Structures are given as C-alpha cells and as structure tokens.
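The values are calculated or read from the model by the stated rules, or taken from the named source; none is laboratory data. Predicted model, so just to flag it, every value in this text is computed and none were measured. Heads up, the Cβs are rebuilt from the backbone with ideal geometry, glycines too, and the neighbour counts pull from every protein chain shown.
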C-alpha cells in the first residue's frame, strides 16, 4: 500500500469514528433533556389557600407530597372561581410530572398570556415542558420570555439552558 492509500484509509476511519460519536451524542440528547427537566423543575409548593379554606386542602397536601395522580382529580374537581388560576397551574404541574406535557401546556397557556402573578412560573414550566418533549425551538421561545420576567429562576440557569439549546 502506498502512503496515499494509508492516509485515505485513516481519514475514512476518523470520519467513521466522528460519525459514530455524533450519532451517539444525538441519541443521548433526549436523555439529557430529561435530566435537565428533572434538575430544573424545582416544583413549587401548593400554598395558595387562605386560613380556614378547606375545599382544596386535600389537593394541595397530595401535590406537596408528590402524589400527583391523587392531586390531579382533586384540583380538577374544584370548580370555585376564587382559585381557578391556581388550580389550573397546579393541575398543569401534576400533568407535567405524569408525563402529559400537551395537556399541561393547554392548562398553562391561559396563564402565560395573562397578567396573573403565576405568569412567570407558568412560562418556566411551559419552557420545561417543551424541553421534555425535545422541542428546542419552543423551549427557547419560553426561556427568552422568562428572561424578561422577574422570575425566581436564576439568570445563570436560564443562560445555561439557552446556551445548551442553541
């Protein structure tokens, strides 16, 4: 074999190895998205009840104990308008934890377009829902909106996720 053939053979091997590595990274991305969701979800406690309000106490307690299958129907059963946005928000959180992102997003969307105090939280969980669905464009859209809000999420966390997704 000539030197030229050896070089071509090694370049082919290097290209193949690079392709295998790129494919492996591509296949592992969904797992990374799931790990990032788990790391940054930082679920809020359901504490929106006023003293003496007991109608949603069981739902809040179940949510705070991470019993989402129990909490979800309890939140959805309550039809009082007094806490409609809060029950919608915590129902969405339950759905996210039960891996039902589309349903959660449908509940979060009205909060996202409102002026409610939960808006920045809804934006954050909307971004995380899109991340968990591996919808990078959707996630970036909501992360950029979170950046402009007074969010409880740190600027470095938001910047890290934006860099990761771009």
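Some values worked out for this structure:
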item: Candidates 98, 128, 123, filtered to the one that is in contact with a helix residue (DSSP H, G or I) (Cβ under 6 Å, 6 or more places away or on another chain), closer than 29 Å to residue 65 by Cβ and touching a residue at least 40 places away in the same chain (Cβ under 8 Å); result: 128
item: Residues of segment 150-161 that turn out to be under 18 Å from residue 112 (Cβ atoms) and surrounded by 10 or more Cβ atoms within 10 Å (Cβ to Cβ), as a count; result: 5
item: Answer from 143, 95 - the residue that is modelled with pLDDT of 95 or more and surrounded by 15 or more Cβ atoms within 10 Å (Cβ to Cβ); result: 95
item: Subset tally (residues that are modelled with pLDDT of 95 or more and more than 19 Å from residue 78 (Cβ to Cβ)) for segment 101-111; result: 3
